[in-house]
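We did not get these values from a lab; they are worked out from the coordinates using the rules stated. Just so we're clear, the structure is a prediction, and the values are computed from it rather than from any experiment. Neighbour counts run over all protein chains shown; Cβ positions are idealised from the backbone, glycine included.
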Amino acid sequence: MHQLVRKSTAGTMESSDVFVELEPAGQIEIEIESVVYAQFGDAIENTVRDVLQKQGVTGARVRLHDRGALECVLRARVETAVRRGREER
Amino acid sequence: MRRSMLFLPGNTPNILINGDALGADALIFDLEDAVSPDEKDSARILVRSAVSALGYAGCEIIVRINAVDTPYWREDLREIVPLKPSLIMPPKTSCAQDVLTVDAAIAGLEDELGMQRGTVRLIPLIETALGVENAYQIASACPRVAAIFLGGEDLTADLRCKRTREGAEIAYARSRMVCAARAAGVDVYDTPFTDVNDDEGLVLDAKTAKSLGFTGKAAISPRHVPGINEVFSPSLAEINYAYEVLEAIRLAKEQGRGAVALRGKMIDAPIVARARQTIEAAEQLGLGGDRA
């Protein structure tokens, strides 16, 4: 089962981390709040889309609160949120 | 050469991402005590992602999984074994069966992933009174065991005594662990020194561990890494003496002499073996000595 069934979160608001909020939606919608949005906003969005695609998620509303996370951290937090969003309570 | 092993909390990005800049020979990515139960999933995914992306060149990768009596350890292995870490550290290992349980699970994953069996080795963490008493059985449980590691904090709780700066309360456990490891032919690592601000205490503690025969020592703070590395590196005097020993042996053989003396002391097989170990360690660390 690939699609989300509930709201989920992952990560923290600590430095070098990112807090990810995820909920089921009809398509992919991404909202990014980041101190480095001007420089890396596109790269962050592409990374999120790539993780969702690899996880087989086609519909999700994603809100990111980025605290300067490296790409590997962003990938991990989005994947964690996806896995949590698939779990039935 | 693994002198220092530094613990990094598995769910803390700002510490994890700088792991390779902290000077430790090995990094222990901790999925156990440093991670709360509701973040176990998050930590194992973060560690997998960070190790895959960052590589941590120059550091050995060790992952401390959760204990076999928890619901987490199998999922830890499923996430971590594909990374081919040098070592996996199962905590609270109290008997050989604990090791064999983890060994079998890793073997199953190695088969599933097409990895050669035995690729991922083990460093069981011994931190209970029963574990100390079973140290040899644990160290020799299977060929996958590369080393054993003493955990002083949990052990002293189990022994119902206080952990002290001097460490008399773990003296027996330390000696028993070293003897068990050497009898089994594996390495042995000492417990971290937990007072982060006591640099002098750390060096004394590390010297004690080295004098007992430990291979190296773990640290919970990067601040302790340089002190541990220094204590567990051969000194210039030790390196030079090792070269003198080997040279004396070479000359004796050349001259057909059986007994060899150096600085008025007989050189026997254990001294030669120790000299070779010193030179091997020095070479690995790029420490030449005067004769290299």
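Brief remarks follow.
- Among the residues of region A:1-31, the ones that are within 14 Å of chain B (Cβ to nearest Cβ), over 15 Å from A:VAL62 (Cα atoms) and hydrophobic (A, V, I, L, M, F, W, C) come to 1 in all.
- Matching entry among B:ARG160, B:ARG117, B:ARG144 (being under 18 Å from the mean Cα position of the chain (by Cα) and farther than 12 Å from B:ARG176 by Cα): B:ARG144
- Lone qualifier among B:ARG44, B:ARG78, B:ARG64 - being among the basic types (Lys, Arg) and more than 14 Å from chain A (Cβ to nearest Cβ): B:ARG64
- Within the set A:GLU14, A:GLU21, A:GLU31, A:GLU87, the sole residue that is free of Cβ contacts under 8 Å to residues at least 60 places away in the same chain and over 25 Å from B:ASN18 (Cβ atoms) turns out to be A:GLU31.
- Among the residues of region A:32-50, some residue qualifies, meaning at least one is touching a His at 6+ places or on another chain (Cβ under 7 Å) and either surrounded by 16 or more Cβ atoms within 10 Å (Cβ to Cβ) or more than 12 Å from every other protein chain (Cβ to nearest Cβ) (or both).
- Any hit, region A:53-76, residues being more than 13 Å from chain B (Cβ to nearest Cβ), under 25 Å from B:GLY55 (Cβ atoms) and surrounded by fewer than 18 Cβ atoms within 10 Å (Cβ to Cβ): yes
- For region B:200-288, the helices (runs of 4 or more DSSP H) that sit wholly inside it and include 1 or more residues that are out of contact with any His (no Cβ under 8 Å at 6 or more places or on another chain) and either among the hydroxyl-bearing types (Ser, Thr, Tyr) or surrounded by fewer than 13 Cβ atoms within 10 Å (Cβ to Cβ) (or both) are B:236-254, B:269-284.
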